[in-house]
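Presented below is the structure to which this report refers.
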């Protein structure tokens, strides 16, 4: 069994800000998000997609299934980051 990785942000101290950003984005996507536990939105997304994701060991899931859940969350966050960057560039002119 592989050891679980602890992901770290490149910029120290941004963890809380990124968690708040994720919660905000996923709320706008229509999900019920607890701002104190924004990572839990993955269970709601998984349920919507028909993926059997639950707390604990999910070693039986396929890479494709896990990617569907992560892609839906990450995709929404990337779209929002791009929108914000475009807005900032437009305001510089």
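Quick rundown of the values:
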| quantity | calculated |
| --- | --- |
| Estimated 222 nm signal from helices in the chain, with DSSP H stretches of n ≥ 4 weighted -39500 (n - 2.57), rounded to 500 | -19000 deg cm²/dmol |
| On Cα atoms only, tilt of 15-28 relative to the major axis of the chain in degrees | 90 |
| Spin-label model distance (nm) - residue 62 vs residue 7, 7 Å beyond Cα toward Cβ | 2.2 |
| Label point distance in nm, residue 82-residue 15, each placed 7 Å from Cα along Cα→Cβ | 3.0 |
| Distance cut-off 18 Å, percentage of C-alpha pairs in the chain lying past it | 55 |
| Length gained when the stretch residue 24-residue 52 is fully extended (0.36 nm per residue, less Cα-Cα span) | 7.6 nm |
| C-alpha long axis of helix 63-92 to longest principal axis of the chain, angle in ° | 10 |
| Cα centroid separation - region 67-93 against region 44-59, whole Å | 25 |
| Residue exposure sequence - 18, 26 - by fewest surrounding Cβ within 10 Å | 18, 26 |
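Every number in this text was worked out from the coordinates using simple rules, so none of it is lab data. Everything numeric in this text was worked out from a predicted model, so none of it was measured. In this analysis, Cβ positions are derived from the backbone assuming ideal geometry, glycine residues included, and neighbour counts consider all displayed protein chains.
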